[in-house]
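A short write-up of the structure that comes next.
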Amino acid sequence: MYLDQYFKVIEGLVAKIQNTQREQIEAAATIVAESLAEKGGWFIMDTGHMLQWEAIRRAGGMVGITPFSYELNVNADLQHREIELPPGKAAALESQTVHLALEKSKLKKGDVLLINSNSGRSANVIAVALQAQERGIHTIGLASKLQMDHCESQHPSKRKLDQVTECFIDNCGGVGDAVLPVKDNEKMCPLSGIGASFIFWAIHAHAVDLLEQKEIKPTIYRSVHTGSEAFMAQQEASYKERGI
(Lines give C-alpha, C1' and ligand atoms only; values in the text may rest on other atoms or scores of the structure.)
Protein backbone atom coordinates (compact mmCIF):
# COMPACT_ATOMS: atom_id res chain seq x y z
CA MET A 1 0.00 0.00 0.00
CA TYR A 2 1.19 3.49 -0.81
CA LEU A 3 0.15 4.64 2.66
CA ASP A 4 2.40 2.15 4.45
CA GLN A 5 5.24 2.92 2.05
CA TYR A 6 4.87 6.61 2.81
CA PHE A 7 4.89 6.06 6.57
CA LYS A 8 8.08 4.04 6.22
CA VAL A 9 9.77 6.68 4.06
CA ILE A 10 8.94 9.47 6.52
CA GLU A 11 10.21 7.42 9.45
CA GLY A 12 13.43 6.91 7.52
CA LEU A 13 13.70 10.61 6.69
CA VAL A 14 13.34 11.69 10.30
CA ALA A 15 15.82 9.06 11.45
CA LYS A 16 18.36 10.07 8.78
CA ILE A 17 18.13 13.74 9.73
CA GLN A 18 18.59 12.89 13.40
CA ASN A 19 21.53 10.57 12.71
CA THR A 20 23.40 12.68 10.15
CA GLN A 21 22.44 16.34 10.67
CA ARG A 22 22.43 16.79 14.45
CA GLU A 23 25.83 18.51 14.55
CA GLN A 24 24.80 20.96 11.82
CA ILE A 25 21.45 21.64 13.51
CA GLU A 26 23.21 22.38 16.79
CA ALA A 27 25.65 24.69 14.98
CA ALA A 28 22.76 26.55 13.32
CA ALA A 29 20.96 26.88 16.66
CA THR A 30 24.10 28.30 18.23
CA ILE A 31 24.29 30.96 15.50
CA VAL A 32 20.63 31.82 16.05
CA ALA A 33 20.86 31.95 19.85
CA GLU A 34 23.98 34.10 19.86
CA SER A 35 22.39 36.54 17.43
CA LEU A 36 19.10 36.77 19.31
CA ALA A 37 20.92 37.21 22.61
CA GLU A 38 22.43 40.37 21.12
CA LYS A 39 19.00 41.58 19.95
CA GLY A 40 19.59 40.35 16.42
CA GLY A 41 16.83 39.10 14.13
CA TRP A 42 16.10 35.67 12.64
CA PHE A 43 14.90 35.91 9.05
CA ILE A 44 13.56 33.13 6.80
CA MET A 45 13.90 33.10 3.03
CA ASP A 46 11.93 30.24 1.52
CA THR A 47 11.52 29.41 -2.16
CA GLY A 48 8.15 27.73 -1.75
CA HIS A 49 8.70 24.53 0.19
CA MET A 50 6.49 25.11 3.25
CA LEU A 51 8.64 27.21 5.58
CA GLN A 52 7.17 30.50 4.36
CA TRP A 53 3.96 29.39 6.06
CA GLU A 54 5.26 26.99 8.70
CA ALA A 55 7.82 29.25 10.35
CA ILE A 56 6.06 32.60 10.60
CA ARG A 57 3.67 33.66 13.40
CA ARG A 58 3.10 30.10 14.54
CA ALA A 59 1.90 29.07 17.97
CA GLY A 60 4.96 27.80 19.78
CA GLY A 61 7.33 29.80 17.59
CA MET A 62 9.40 32.77 18.63
CA VAL A 63 7.80 36.13 17.87
CA GLY A 64 11.03 37.46 16.36
CA ILE A 65 11.07 35.07 13.37
CA THR A 66 10.56 37.22 10.28
CA PRO A 67 10.07 36.43 6.57
CA PHE A 68 12.42 37.79 3.93
CA SER A 69 11.34 37.85 0.29
CA TYR A 70 11.47 40.24 -2.61
CA GLU A 71 9.93 40.69 -6.03
CA LEU A 72 10.44 43.19 -8.81
CA ASN A 73 7.28 43.90 -10.80
CA VAL A 74 7.46 45.89 -14.02
CA ASN A 75 4.20 46.68 -15.81
CA ALA A 76 5.33 47.38 -19.37
CA ASP A 77 4.19 44.38 -21.37
CA LEU A 78 4.10 44.66 -25.14
CA GLN A 79 2.71 41.29 -26.18
CA HIS A 80 4.44 40.90 -29.55
CA ARG A 81 7.83 41.96 -28.18
CA GLU A 82 9.77 39.27 -26.37
CA ILE A 83 13.05 40.04 -24.67
CA GLU A 84 15.37 37.21 -23.76
CA LEU A 85 18.27 38.44 -21.68
CA PRO A 86 21.70 36.82 -22.17
CA PRO A 87 22.85 34.87 -19.09
CA GLY A 88 25.39 37.49 -18.05
CA LYS A 89 22.87 40.32 -18.25
CA ALA A 90 20.22 38.33 -16.38
CA ALA A 91 22.69 37.51 -13.61
CA ALA A 92 23.74 41.14 -13.30
CA LEU A 93 20.14 42.29 -13.01
CA GLU A 94 19.45 39.62 -10.39
CA SER A 95 22.46 40.78 -8.39
CA GLN A 96 21.25 44.38 -8.55
CA THR A 97 17.74 43.35 -7.49
CA VAL A 98 19.11 41.42 -4.51
CA HIS A 99 21.21 44.44 -3.54
CA LEU A 100 18.15 46.69 -3.58
CA ALA A 101 16.08 44.13 -1.65
CA LEU A 102 18.67 43.88 1.11
CA GLU A 103 19.10 47.67 1.16
CA LYS A 104 15.36 48.14 1.62
CA SER A 105 14.97 45.34 4.17
CA LYS A 106 15.54 45.59 7.91
CA LEU A 107 18.28 42.97 7.83
CA LYS A 108 21.49 44.21 9.43
CA LYS A 109 24.91 42.99 10.50
CA GLY A 110 24.67 40.25 13.12
CA ASP A 111 21.22 39.03 12.05
CA VAL A 112 20.61 35.47 10.85
CA LEU A 113 19.12 34.55 7.48
CA LEU A 114 17.98 30.96 6.96
CA ILE A 115 17.70 30.19 3.24
CA ASN A 116 15.56 27.20 2.27
CA SER A 117 15.92 26.00 -1.33
CA ASN A 118 15.52 22.34 -2.17
CA SER A 119 17.86 22.41 -5.18
CA GLY A 120 20.26 24.94 -3.66
CA ARG A 121 21.34 26.08 -7.10
CA SER A 122 19.09 29.01 -8.10
CA ALA A 123 20.84 32.25 -9.04
CA ASN A 124 18.74 34.41 -6.72
CA VAL A 125 19.34 32.15 -3.73
CA ILE A 126 23.11 32.16 -4.23
CA ALA A 127 23.13 35.93 -4.79
CA VAL A 128 21.23 36.53 -1.55
CA ALA A 129 23.57 34.28 0.43
CA LEU A 130 26.71 35.93 -0.95
CA GLN A 131 25.47 39.49 -0.48
CA ALA A 132 24.10 38.78 2.98
CA GLN A 133 27.47 37.49 4.13
CA GLU A 134 29.18 40.56 2.66
CA ARG A 135 26.95 42.61 4.96
CA GLY A 136 27.92 40.59 8.04
CA ILE A 137 24.63 38.68 8.14
CA HIS A 138 24.92 35.09 9.31
CA THR A 139 23.59 32.59 6.76
CA ILE A 140 22.16 29.11 7.24
CA GLY A 141 21.48 27.03 4.12
CA LEU A 142 18.89 24.27 3.94
CA ALA A 143 18.59 22.06 0.86
CA SER A 144 18.88 18.51 -0.48
CA LYS A 145 22.55 17.57 -0.93
CA LEU A 146 21.61 14.82 -3.37
CA GLN A 147 19.57 17.22 -5.50
CA MET A 148 22.36 19.81 -5.48
CA ASP A 149 24.92 17.25 -6.57
CA HIS A 150 22.59 16.18 -9.39
CA CYS A 151 22.29 19.59 -11.05
CA GLU A 152 24.38 22.57 -12.08
CA SER A 153 24.38 25.94 -10.37
CA GLN A 154 22.48 28.71 -12.16
CA HIS A 155 24.68 31.38 -10.60
CA PRO A 156 27.67 32.79 -12.54
CA SER A 157 30.01 31.67 -9.74
CA LYS A 158 28.85 28.07 -10.30
CA ARG A 159 28.62 27.71 -6.53
CA LYS A 160 25.71 26.13 -4.69
CA LEU A 161 24.04 26.79 -1.36
CA ASP A 162 26.34 24.56 0.69
CA GLN A 163 29.32 26.51 -0.64
CA VAL A 164 28.05 30.01 0.12
CA THR A 165 26.47 29.73 3.57
CA GLU A 166 28.08 29.81 7.00
CA CYS A 167 26.21 26.67 8.06
CA PHE A 168 24.56 24.14 5.74
CA ILE A 169 22.01 21.46 6.64
CA ASP A 170 20.95 18.64 4.31
CA ASN A 171 17.18 18.08 4.32
CA CYS A 172 17.99 14.47 3.35
CA GLY A 173 15.57 14.45 0.44
CA GLY A 174 16.27 12.73 -2.87
CA VAL A 175 16.66 13.75 -6.48
CA GLY A 176 13.38 15.11 -7.81
CA ASP A 177 11.96 15.43 -4.26
CA ALA A 178 9.05 12.97 -4.75
CA VAL A 179 9.82 9.50 -3.41
CA LEU A 180 7.00 7.01 -3.93
CA PRO A 181 6.92 5.26 -7.31
CA VAL A 182 3.40 5.21 -8.77
CA LYS A 183 2.51 2.53 -11.30
CA ASP A 184 2.72 3.88 -14.86
CA ASN A 185 2.98 7.42 -13.53
CA GLU A 186 5.26 9.98 -11.87
CA LYS A 187 6.63 9.55 -8.37
CA MET A 188 4.61 11.23 -5.64
CA CYS A 189 4.96 12.61 -2.10
CA PRO A 190 7.85 15.12 -1.90
CA LEU A 191 10.10 15.18 1.16
CA SER A 192 11.57 18.69 1.13
CA GLY A 193 8.68 20.40 2.95
CA ILE A 194 8.51 17.95 5.83
CA GLY A 195 12.29 17.71 6.06
CA ALA A 196 12.72 21.48 6.16
CA SER A 197 9.98 21.93 8.77
CA PHE A 198 11.41 19.20 10.99
CA ILE A 199 14.87 20.76 10.78
CA PHE A 200 13.57 24.28 11.35
CA TRP A 201 11.77 23.35 14.56
CA ALA A 202 14.79 21.34 15.70
CA ILE A 203 16.95 24.45 15.29
CA HIS A 204 14.27 26.45 17.11
CA ALA A 205 14.12 24.01 20.02
CA HIS A 206 17.88 23.97 20.55
CA ALA A 207 18.15 27.75 20.15
CA VAL A 208 15.58 28.27 22.91
CA ASP A 209 17.51 25.82 25.10
CA LEU A 210 20.72 27.80 24.52
CA LEU A 211 18.95 31.08 25.28
CA GLU A 212 17.66 29.67 28.56
CA GLN A 213 21.23 28.68 29.44
CA LYS A 214 22.07 32.36 29.02
CA GLU A 215 19.12 33.14 31.34
CA ILE A 216 17.25 34.76 28.45
CA LYS A 217 13.54 34.09 28.11
CA PRO A 218 12.46 34.53 24.47
CA THR A 219 8.96 35.66 23.58
CA ILE A 220 7.02 32.70 22.17
CA TYR A 221 3.59 32.85 20.57
CA ARG A 222 0.68 31.22 22.37
CA SER A 223 -2.09 29.65 20.30
CA VAL A 224 -5.09 31.91 19.77
CA HIS A 225 -7.19 28.88 20.69
CA THR A 226 -5.81 28.90 24.23
CA GLY A 227 -5.41 32.65 24.60
CA SER A 228 -6.76 35.74 22.95
CA GLU A 229 -5.87 38.26 20.28
CA ALA A 230 -5.21 40.73 23.07
CA PHE A 231 -2.65 38.37 24.63
CA MET A 232 -0.90 37.94 21.27
CA ALA A 233 -0.76 41.70 20.86
CA GLN A 234 0.77 41.88 24.33
CA GLN A 235 3.39 39.30 23.33
CA GLU A 236 4.31 41.29 20.24
CA ALA A 237 4.52 44.50 22.26
CA SER A 238 6.79 42.74 24.75
CA TYR A 239 9.04 41.56 21.91
CA LYS A 240 9.30 45.08 20.49
CA GLU A 241 10.27 46.37 23.92
CA ARG A 242 12.78 43.63 24.83
CA GLY A 243 13.97 42.62 21.35
CA ILE A 244 13.86 38.92 22.19
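The values are calculated or read from the model by the stated rules, or taken from the named source; none is laboratory data. What you see is a predicted model; the values in this text were computed from it and never measured. Reconstructed Cβ throughout: ideal geometry from the backbone, glycine too, with neighbour counts over all protein chains shown.
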Here the residues within the stretch 117-152 that are surrounded by fewer than 19 Cβ atoms within 10 Å (Cβ to Cβ), in a loop (DSSP other than H, G, I, E, B) and touching a helix residue (DSSP H, G or I) at 6+ places or on another chain (Cβ under 8 Å) are 135
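Sort through 172, 189 and tell me the only one that's in contact with a strand residue (DSSP E or B) (Cβ under 9 Å, 6 or more places away or on another chain), closer than 24 Å to residue 3 by Cβ and modelled with pLDDT of 90 or more.
189
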Can you give me the number of residues within the stretch 5-56 that are assigned to a helix (DSSP H, G or I), more than 19 Å from the chain's Cα centre (by Cα) and more than 20 Å from residue 173 (Cβ to Cβ)?
1
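Name the residue that is surrounded by the most Cβ atoms within 10 Å (Cβ to Cβ), counting only residues in the stretch 189-211 that are over 21 Å from residue 120 (Cα atoms), out of contact with any Lys or Arg (no Cβ under 8 Å at 6 or more places or on another chain) and among the hydrophobic types (A, V, I, L, M, F, W, C).
Top of the filtered list is 207.
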What residue, of 241, 229, 212, 236, is modelled with pLDDT of 90 or more and among the charged types (D, E, K, R)?
212
Of the residues that make up the stretch 110-123, is at least one in contact (Cβ under 8 Å) with a residue 40 or more places away in the chain, of a type in the set (D, E, K, R) and touching a Cys at 6+ places or on another chain (Cβ under 9 Å)?
yes
Index of the failed condition, residue 91 passing every other in (1) modelled with pLDDT of 90 or more; (2) farther than 29 Å from residue 198 by Cβ; (3) assigned to a helix (DSSP H, G or I)
(1)
Note on the stretch 186-215: residues of a type in the set (Asp, Glu) and assigned to a loop (DSSP other than H, G, I, E, B) are 186, 215
Give all pairs with beta carbons closer than 6 Å in which a residue from the stretch 147-166 that is farther than 13 Å from residue 125 by Cβ meets a residue that is assigned to a helix (DSSP H, G or I); count only pairs at least 6 apart in sequence or on separate chains.
156/91
So, residue 210, is that one touching a Cys at 6+ places or on another chain (Cβ under 7 Å), farther than 16 Å from residue 49 by Cβ and touching a residue at least 60 places away in the same chain (Cβ under 8 Å) or not?
no
